[in-house]
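Trainee: Take a look at the following structure, please.
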Amino acid sequence: MATAFCFKPWLLVSCGLLLAAACHGLQVGFYQKSCPKAEAIVRAEVQKAVRRDPGLGAGLLRMLFHDCFVEGCDASILLDPTPANPRPEKKGPPNDASQRSYEVIDAAKKALEKACPGVVSCADAVAFAARDASDLLSGSRVRFAMPGGRLDGRRSQESQTNVLPPPFAGLDTLAARFAAKGMSVEDLVVLSGAHSVGRSHCSSFVFERLTKGSDMEANLANQLKGQCPASPGVGNDPAVAEDAVTPNVLDNQYYKNLLDRKVLFASDAALMSSAQTAKMVSDFAKPDGTWERKFAAAMVKWRASGSSPAATGRSGRTAGWSTSEKDGRS
């Protein structure tokens, strides 16, 4: 079963036994003493995965974003269905049948448990993996230190995924959802650049961008009409590259695509709907490294913005849940 290594009752570690920083905030090098090779172990698994399939790296970025939007970056996206909680986050519409890369976290957690049993939280493994995916997919143009010390959450419910911005969201909705996480409009535009990697199911854009008609560049629209059914649905919902120019590279091509009206989602096109955000898009399309630097900083801010429960020791657990926590009950 997926994520088995994150949810064994015997992996519970009380907050009082952790370094004080785990209960009061995040810090770079959190596992330097308790599990010195923790970050290297995660990176090794991410490297193997990305070499095998760059799309798994894109999935790790998406996993962190989706996890952090729901109750903070607590790894609750990893929880499998149980009889008591058959519809956890991973079964929510934004994740079910589209979120991938769980097996990468499973492999990393298995290796971590072998090296340092019960020490490294799944929440930190997800964050470290997203950092490493950013580095590997960008050719090391996006590099940053990711702080650790986040405790694992204990609730995971499908209904909570409705806070994730849908692919048809307008700019006001996007800005409000990011503001609720303590993120600015610039952070929104910067982090949207992650859409330069990965794939999307046709159902996420066909109606809003092709059926209804939009400002999408005509050649791209015609190409997508040839790849996607007119009414995509279960069993008939192909996936296409979000960035057809550099589909496996985390770079600023996304912003060039925006300027050329060659993006998939209505939520992407929405970034051109205001003078403020359109100016940011234009700036980030320049080959001066600005976007890469800002993306690195925004990733750290994003991880920290969803981590306030760790500072208060909400779950009081790391690397696992009790039986009731596994069931998704508070």
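The values are calculated or read from the model by the stated rules, or taken from the named source; none is laboratory data. The model shown is predicted, which means the values in this text are computed figures rather than measured ones. A quick note on method: Cβ atoms are made from the backbone with ideal geometry, for glycine too, and the neighbour counts reach across all protein chains shown. Heavy atoms of the whole protein, side chains included, go into the accessibility calculation; ligands, DNA and RNA do not. Shrake-Rupley method; radii C 1.70, N 1.55, O 1.52, S 1.80 Å.
Trainee: Given Ala239, Ala244, Ala218, Ala275, which one is under 20 Å from Gly57 (Cβ atoms), open to solvent by 30 Å² or more (accessible area, probe 1.4 Å), of a type in the set (Gly, Ala, Ser) and free of Cβ contacts under 8 Å to residues at least 40 places away in the same chain?
Mentor: Of Ala239, Ala244, Ala218, Ala275, the one residue that is under 20 Å from Gly57 (Cβ atoms), open to solvent by 30 Å² or more (accessible area, probe 1.4 Å), of a type in the set (Gly, Ala, Ser) and free of Cβ contacts under 8 Å to residues at least 40 places away in the same chain is Ala244.
Every residue, every condition in (1) assigned to a helix (DSSP H, G or I); (2) within 30 Å of Thr82 (Cα to Cα); (3) in contact with a strand residue (DSSP E or B) (Cβ under 7 Å, 6 or more places away or on another chain), yes or no:
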residue	(1), (2), (3)
Ser159	yes, yes, no
Pro166	no, yes, no
Arg177	yes, yes, no
Gly182	no, no, no
Arg209	yes, no, no
Asp215	no, no, no
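Trainee: When the residues of the stretch 107-143 are narrowed to those that are hydrophobic (A, V, I, L, M, F, W, C) and not in a helix (DSSP H, G or I), which ends up most open to solvent (accessible area, probe 1.4 Å)?
Mentor: In this case the residue turns out to be Val119.
Trainee: Identify, from the list Gly139, Gly118, the residue that is modelled with pLDDT of 95 or more and in contact with a Leu (Cβ under 6 Å, 6 or more places away or on another chain).
Mentor: Testing whether each residue is modelled with pLDDT of 95 or more and in contact with a Leu (Cβ under 6 Å, 6 or more places away or on another chain) leaves just Gly118.
Trainee: Under the condition of being part of a loop (DSSP other than H, G, I, E, B) and not aliphatic (A, V, I, L, M), which residue from the stretch 144-153 is surrounded by the most Cβ atoms within 10 Å (Cβ to Cβ)?
Mentor: Result: Arg150.
Trainee: Let me ask something additional. For the stretch 201-212, state whether one or more residues are farther than 24 Å from Arg141 by Cα and touching a Lys or Arg at 6+ places or on another chain (Cβ under 9 Å).
Mentor: Yes, the stretch 201-212 contains a residue that is farther than 24 Å from Arg141 by Cα and touching a Lys or Arg at 6+ places or on another chain (Cβ under 9 Å).
Trainee: Evaluate the following for Ala44: is it in a helix (DSSP H, G or I), touching a Leu at 6+ places or on another chain (Cβ under 8 Å) and touching a residue at least 24 places away in the same chain (Cβ under 8 Å)?
Mentor: Answer is no for this residue.
Trainee: Just name the residue that is least open to solvent (accessible area, probe 1.4 Å) out of those in the stretch 178-187 that are closer than 18 Å to Phe284 by Cβ and free of Cβ contacts under 8 Å to residues at least 60 places away in the same chain.
Mentor: Phe178
Trainee: Also, quick follow-up: Whether any residue in the stretch 66-80 is small (Gly, Ala, Ser) and at pLDDT below 95 is what I want to check.
Mentor: Yes.
Trainee: Further question on the same structure: Looking at this structure, is Ser156 surrounded by fewer than 19 Cβ atoms within 10 Å (Cβ to Cβ), touching a residue at least 40 places away in the same chain (Cβ under 8 Å), over 17 Å from Leu61 (Cβ atoms) and small (Gly, Ala, Ser)?
Mentor: Criteria not met by Ser156.
Trainee: Follow-up question, since we're still on this one. Given Ala127, Ala133, which one is farther than 14 Å from Gly57 by Cβ, under 12 Å from the mean Cα position of the chain (by Cα) and small (Gly, Ala, Ser)?
Mentor: Ala127 is the lone residue from the list that is farther than 14 Å from Gly57 by Cβ, under 12 Å from the mean Cα position of the chain (by Cα) and small (Gly, Ala, Ser).
Trainee: For the stretch 221-236, enumerate the residues that are assigned to a loop (DSSP other than H, G, I, E, B) and surrounded by fewer than 14 Cβ atoms within 10 Å (Cβ to Cβ).
Mentor: Pro229, Ala230, Ser231, Val234, Gly235
Trainee: Test Ala278 against the stated conditions and say whether it is small (Gly, Ala, Ser) and not in a loop (DSSP other than H, G, I, E, B).
Mentor: It is true that Ala278 is small (Gly, Ala, Ser) and not in a loop (DSSP other than H, G, I, E, B).
Trainee: Okay, next question. For the stretch 63-73, does any single residue satisfy the condition of being part of a loop (DSSP other than H, G, I, E, B) and among the β-branched types (Val, Ile, Thr)?
Mentor: yes
Trainee: Of the residues that make up the stretch 260-268, is at least one surrounded by fewer than 16 Cβ atoms within 10 Å (Cβ to Cβ) and aliphatic (A, V, I, L, M)?
Mentor: No, the conditions are met nowhere in the stretch 260-268.
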